[in-house]
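*Asks:* Right, I'll just put the structure down here and ask away after.
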Amino acid sequence: MRRRFVFAKRQSLLRVLSVLAVVASLSAFATESASSATADSLSTRTGHLYWTNGSWIGRADVNGTDVQQKFILNASDFFSGGIAISGNYLYWANAGKTVKKGIGTIGRAKLNGTDVDRNFITGASLPGGISVSGGYIYWANNLTGEIGRAHINGTDVDQTFIKTAQSEGPDDVVVGSGHIYWSNDYNIGRANLDGTDVNQKFINVPKGLYGYSGLAVNSHYIYWTNETHGRIGRANLNGTDVNQKFITGAYFPEGGLTVDSQYLYWANNGYLHHSSSIGRAKLNGTDVREYFIKVTKNNLFGLVVDPN
């Protein structure tokens, strides 16, 4: 993560600039968001999307309706990172008030927004992405360049489960199809579920291209966001057939990327040029909607879909 999202001074400046950008983009947001919700309002699809936005967690129906920008308030001290779902619980990364080793936490709450525990797991170091699978929870310690892991009940915490290739990274971690994947600015790494057979350069970034951030995996493909170039890439699960421009036109799609049986969703983190939004496209890369859901705060990072 070449741009450290937790530096308060820079965040203050970015927020001011973002307010100016909202005025110019408000009419476009309203038009496209309304049409998206109308088009999907007749859908029979159920479930929810959840996202982290600064200290808030937002929620909406999976068809883009019933948007709750403040579904959970005070989810973190300053900035929430990735978000994940397992069973009846949400889990998210709490970066902490300052950039300091060991002060980050993993939070947890029920899917209905109750029983909020911001300190479910402690001792993380600027945690970014988060993933839950097979009875374990994984998180990306961005400050120390390590993947942490614990049992889903919060026990047996290992903050150094996997050492990644980048000293300040990774941005995200995802578990699926029998492997753990993580994103550094210049590559995507992969390892077995037990942390062995670590491949730091499973997918490399071409020369002159950097900014790998968010990750998502389904039974066929691995997807990633390129935050600095506004793209979403895709490759086969074995790392072949790499398409760096599977979807283009996103704006600073940082950590948030998630997939269900029909759609790919990503977090457009507005900052300088836009207000934040959640984008959506079909799994084949068509029907791209950059303003599927409008988000009212410009610290959008984590994103997860619960199709149930």
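The values are calculated or read from the model by the stated rules, or taken from the named source; none is laboratory data. Everything numeric here is computed off the predicted structure, so don't read it as measured data. Cβ sites come from the backbone with ideal geometry, for glycine too, and all protein chains shown count toward neighbours.
*Asks:* Within segment 219-246, how many residues turn out to be part of a strand (DSSP E or B) and among the aliphatic types (A, V, I, L, M)?
*Replies:* Qualifying residue count, segment 219-246: 3.
*Asks:* Just give me the residues in segment 73-111 being surrounded by 24 or more Cβ atoms within 10 Å (Cβ to Cβ), among the β-branched types (Val, Ile, Thr) and without any contact (Cβ under 8 Å) to a residue 60 or more places away in the chain, in sequence order.
*Replies:* Ile106
*Asks:* Then there is this: Limited to segment 195-216, what total is found for residues that are part of a strand (DSSP E or B) and over 17 Å from the mean Cα position of the chain (by Cα)?
*Replies:* Restricting attention to segment 195-216, the residues satisfying the condition of being part of a strand (DSSP E or B) are 199-204, 212-216.
Within this subset, residues satisfying the condition of being over 17 Å from the mean Cα position of the chain (by Cα) are 199-204.
Here the count works out to 6.
*Asks:* Also: What are the pairs with Cβ atoms under 7 angstrom where one residue, in segment 58-72, is within 18 Å of Ala109 (Cβ to Cβ) and the other, located anywhere, is assigned to a loop (DSSP other than H, G, I, E, B) and among the acidic types (Asp, Glu)? Sequence gap at least six, or different chains.
*Replies:* Final answer for the pair search is Ala60/Asp66.
*Asks:* Right, something else. Answer with yes or no whether Ile162 is among the aliphatic types (A, V, I, L, M), outside any loop (DSSP other than H, G, I, E, B) and closer than 19 Å to Ala84 by Cβ.
*Replies:* Considered against the rule, which asks whether it is among the aliphatic types (A, V, I, L, M), outside any loop (DSSP other than H, G, I, E, B) and closer than 19 Å to Ala84 by Cβ, Ile162 comes out as yes.
*Asks:* For segment 113-159, list the strands (runs of 3 or more DSSP E) that sit wholly inside it and hold at least 1 residues that are aromatic (Phe, Trp, Tyr) and surrounded by 17 or more Cβ atoms within 10 Å (Cβ to Cβ); which are they?
*Replies:* Passing ranges, in order: 117-124, 136-141.
*Asks:* Given the options Gly285, Gly230, Gly214, name the one that is on the phi > 0 side of the Ramachandran plot and touching a Gly at 6+ places or on another chain (Cβ under 7 Å).
*Replies:* Gly230
*Asks:* Could you pull out the residue among Asp241, Asp260 that is acidic (Asp, Glu), more than 23 Å from Tyr186 (Cα to Cα) and at pLDDT 95 or above?
*Replies:* Among Asp241, Asp260, only Asp260 is acidic (Asp, Glu), more than 23 Å from Tyr186 (Cα to Cα) and at pLDDT 95 or above.
*Asks:* From the list Asn226, Asn284, exactly one residue is free of Cβ contacts under 8 Å to residues at least 60 places away in the same chain and either crowded, with 17+ Cβ neighbours inside 10 Å or β-branched (Val, Ile, Thr) (or both). Which is it?
*Replies:* Numbers: Asn284 fails: either crowded, with 17+ Cβ neighbours inside 10 Å or β-branched (Val, Ile, Thr) (or both).
Being free of Cβ contacts under 8 Å to residues at least 60 places away in the same chain and either crowded, with 17+ Cβ neighbours inside 10 Å or β-branched (Val, Ile, Thr) (or both) holds for just one of Asn226, Asn284, which is Asn226.
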